[in-house]
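Visitor: Structure below; questions to follow.
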Amino acid sequence: MANYSILLIAFLIVLSVPVLTIFLIAPLVRASRPSKVKLEPYECGVEPASVAFDHRFSVRYFLVAVLFIIFDVETIFLFPWAIRLEQLGWFGAIEMAIFIAILLVGYFYAWKRKVLTWV
Amino acid sequence: MTWADLLFLLPEIVLSIGGCLLLLAPVIGGRNNGVAAKWSMLLLLVATAAAIYVAAGAGIPSLALGTLFVADPFAVFFKLLFVVVIAMITLLSAEFLEDGRYSAWEYYSLMAFALCGMMFMASGTHLISIYVGLELLSLASYILAGYYKNETRSTEAAMKYFVLGATSSGILLYGMSLIYGACGSLHLEAISQAVATMAGNQALIIGVMLLGAGLCFKVAAVPFHVWTPDVYTGAPTPVTAFLSTASKVAAFAIFARIFYMGLHSLEPDWNSIIATVAALSMIVGNLAAVTQTNVKRMLAYSSIAHAGYALLGVLAMSEIGLQGVLIYMLVYAFANIGTWAMVMLLRRREYAGENVDDFDGLHKSAPLYAFAMVVFLLSLGGIPPTAGFIGKYYLFAAAISAGYAWLAVIAVLMSAVSMFYYFRLVVAMYLKDGAAADVIPSRQVRFIVIVCLIATLTLGILPERMIRGAARSIAPIVNLASR
């Protein structure tokens, strides 16, 4: 049990660094000169088009985001597989081919259903 | 992974490939053809059934994927039941898919993936393989529940089901992780060996409680039942039939396997919880059903009560109890699908056929179907000579012989209450005059009603084969539990 309490203390120390810097030290040392431009939400340097909460956006953003998540998660599965590829051998290669084939079916479906074409 | 593995996994492989093909068919073929989709799905189901026979005859020990998966008689029983149920639901769904407003291929594809998930659940001997199967089933069910995508009620049902279902999956997973922490393994046999010496371990008990809570959500037992009425009412009726039979049966398959194979020696720790849940399900489900005027809602509450009855079999922890669960799932599936098919027969527009009044005077316009409905309701109530009697007989006998006489008393009393609200429909059909709802001229739905009628009566009058089949199917699990 002693080992775990050390882990907890380490965790608290690590946690306290950003908390202390952001909420305690930074307000003390930084200059505070707010202006209208500085308080605007950051939109990659472009001027904000409208208020953040009262804004409709195309459902296609959502579809693209969902597709992105699927292929993003796929990559997570690829990493440990790639590290162990030599030990897994052909079995692992075929297994991963099946896994990707299943994902490609979904990709192909989304493509043909015109999810990827922007109107 | 060996060639034998592929053989044992054949039904699941067939279904996965078939499901992908069903998904790709519309984008390659380019047309939404409900009839072709239906026949493709039925063909896939026949292939799956054949694959189940091949896998079942492929030898012992029937383990695949290491030891994550087993094709034992217990799994085969449930898989065959699933295939039959999904085949019936395919025919029930055909009618609303053939008019072309909703995409048929994707519907059947989701159904195939759900079936694949259920098969993994029935075969899982490891909490992870069980969980993956459960998620595959759940994700497909969430979409299916919202398949009337232009109807507010259906979308609302899907949303509620998704949010609550995802939460319960999280709870289930947390329970599994605590069990893993306590036992050092997720394999049911290893868990059963580990827990034998761990009675009273706090982490383990909390893990089992959370696992039980997640499972109770899936079988819709009180107090985890609140989603049931809304989801069952809002979903398209064939999907409701799917949720209340196939999905529930699959959940009971894993409930029984986990508790009989993995956690039997912890019984003193969990039996009072399951007993309370069973009692509450029977009481709340049946009493709430009494006041409903919407048939779908009434049947939803009655399905909550049925989960309570079936839990008696899990609780009993005996051969007869497990046999009771299997028999009850079989007879419940036929009676329940028959009832939902009747609701569909009386359909007007998207949802109707739902009010008790819609059944008024049905015996004049369609005497055969009125009679079939009476048989289904008698079976759900557990009155001989219908099949429901055999199921309840086994469950109640198991409860009494395991020392839960008080639960058996509640079960019998609540069955009497259930006959009250089931008979409101019978009264409407036989004693009331009225503008009986038209019976829609769908041959497929009528066919399902007749199939369920014949099955319910045959299994009730000649139950020997069913009882012997159930006895054979539980053998691997009971041997494990008594070891």
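Rule-based calculations on the coordinates, nothing more; no lab input. Since we're looking at a predicted model, the values are computed, not measured. Backbone-built Cβ (ideal geometry, glycine too); neighbour counts: all protein chains shown.
Visitor: Can you list the aspartates and glutamates whose alpha carbon is less than 20 Å from that of B:LYS79, not counting same-chain residues fewer than 8 positions off?
Guide: Here the aspartates and glutamates satisfying the reach criterion relative to B:LYS79 are B:ASP5, B:GLU12, B:GLU135.
Visitor: Just check the range B:4-45 against the gyration tensor rule for me: Cα atoms, a ≥ b ≥ c as the square roots of the eigenvalues, rounded for a/c under 1.5, and otherwise prolate or oblate depending on whether a/b exceeds b/c.
Guide: Numbers: a/c = 5.55, a/b = 2.23, b/c = 2.49.
Oblate shape, in that a/c is at least 1.5 and b/c is the bigger or equal ratio.
Visitor: Continuing with this model, one more query. Hey, which aspartates and glutamates would be in cross-link range of B:LYS38, C-alpha to C-alpha under 14 Å, not counting anything within fewer than 8 residues on its own chain?
Guide: B:GLU95, B:GLU98, B:ASP99, B:GLU106
Visitor: Can you give me the Cα centroid spacing of the range A:73-119 and the range B:2-76 in angstrom?
Guide: Using only Cα atoms, the two centres lie 21 Å from each other.
Visitor: Taking the Cα centre as origin and putting +1 on Lys and Arg beta-carbons and -1 on Asp and Glu beta-carbons, what dipole magnitude results for the protein assembly as shown, to the nearest 20 debye?
Guide: Details: 35 positive and 31 negative charges, 135 e Å.
Approximately 640 debye in magnitude.
Visitor: Okay, moving on. Which order, highest average first, do B:50-59, B:414-423, A:109-118 follow once you tally other Cβ atoms within 10 Å for each residue and take the mean per peptide?
Guide: B:414-423, B:50-59, A:109-118
Visitor: If you don't mind, another one. Quick check on the exposure proxy: order B:LEU322, B:LEU137 from fewest to most C-beta atoms within 10 angstrom.
Guide: B:LEU137, B:LEU322
Visitor: A follow-up question, please. Taking the Cα centre of chain B as the origin and placing charges on Cβ (Lys, Arg +1; Asp, Glu -1), which of B:VAL445, B:TYR180, B:TYR301 is farthest toward the positive end of the dipole?
Guide: Final value for the positive-end residue is B:VAL445.
Visitor: Could you work out which residue, out of A:VAL19, A:VAL37, A:VAL73, moves most in a Gaussian network model of chain A, that is, has the largest mean-square fluctuation with Cα springs under 10 Å?
Guide: Maximum among the listed residues: A:VAL19.
Visitor: Additional query: By counting other Cβ atoms within 10 Å of each Cβ, how are A:ARG56, B:ARG153, B:ARG297, B:ARG443 ranked from fewest to most?
Guide: Arranged by neighbour count, lowest to highest, A:ARG56, B:ARG153, B:ARG297, B:ARG443 become A:ARG56, B:ARG443, B:ARG153, B:ARG297.
Visitor: Turning to a different aspect of this structure: Going by the alpha-carbon gyration tensor, a ≥ b ≥ c the square roots of its eigenvalues, is chain B rounded (a/c under 1.5) or, if a/c is not under 1.5, prolate (a/b greater than b/c) versus oblate? Mind dumping the intermediate values first?
Guide: On the way: a/c = 1.64, a/b = 1.22, b/c = 1.34.
Because a/c hits 1.5 or more and a/b fails to exceed b/c, chain B counts as oblate.
Visitor: Need one number: nm distance between label points at B:PHE420 and A:CYS44, each 7 Å from Cα along Cα→Cβ, rounded to one decimal.
Guide: 6.5
Visitor: Rank B:ALA213, B:SER318, B:GLY66 by how far each Cα sits towards the positive end of the charge dipole of the protein assembly as shown (+1 on Lys, Arg Cβ; -1 on Asp, Glu Cβ) and give me just the farthest.
Guide: B:ALA213
Visitor: So, one more: Assuming R0 = 41 Å, can you tell me the calculated FRET efficiency for the pair B:ARG443 and A:VAL66, based on Cβ-Cβ distance, to the nearest 0.05?
Guide: After rounding to 0.05, the efficiency reads 0.55.
Visitor: Per-residue Cβ counts within 10 Å, from other chains only, averaged over A:100-106: what number is that?
Guide: 2
Visitor: Would you tally the net charge around B:VAL325, using a Cβ to Cβ cut-off of less than 15 Å, leaving B:VAL325 out, and scoring K and R as +1, D and E as -1? Don't jump to the answer; show the numbers that get you there.
Guide: Details: positive: B:LYS218, B:LYS248, B:ARG257, B:LYS392, B:ARG472; negative: B:GLU319.
Taking every other residue near B:VAL325 into account, the sum is +4.
Visitor: What shape does chain A have by the C-alpha gyration tensor, where a ≥ b ≥ c are the square roots of the eigenvalues, rounded means a/c under 1.5, and otherwise prolate means a/b greater than b/c and oblate the rest? Provide the component values of the computation, followed by the final result.
Guide: Numbers: a/c = 3.80, a/b = 1.23, b/c = 3.10.
Judged from the Cα gyration tensor, chain A comes out oblate (a/c at least 1.5, b/c at or above a/b).
Visitor: Can you give the charge dipole size of chain A about its Cα centre, rounded to the nearest 20 debye, using +1 on the beta carbon of Lys and Arg and -1 on the beta carbon of Asp and Glu?
Guide: Working: 10 positive and 8 negative charges, 81 e Å.
With only Lys, Arg, Asp and Glu charged at Cβ, the dipole is about 380 debye.
Visitor: What does the average come to when, for each residue of peptide B:407-419, you count the partner chain Cβ atoms lying within 10 Å of its Cβ? Please report the intermediate quantities before stating the final value.
Guide: Values: counts 0, 0, 0, 0, 0, 0, 0, 0, 0, 0, 0, 0, 0.
The mean count of partner-chain Cβ atoms within 10 Å per residue comes to 0.
Visitor: Can you give me the C-alpha center-to-center distance between the range B:320-348 and the range B:82-147, rounded to a whole angstrom?
Guide: 17
Visitor: Return B:LEU188, B:LEU24, A:LEU20 ranked ascending by Cβ neighbour count within 10 Å, so the fewest neighbours appear first.
Guide: Ascending Cβ contact count within 10 Å gives the list A:LEU20, B:LEU24, B:LEU188.
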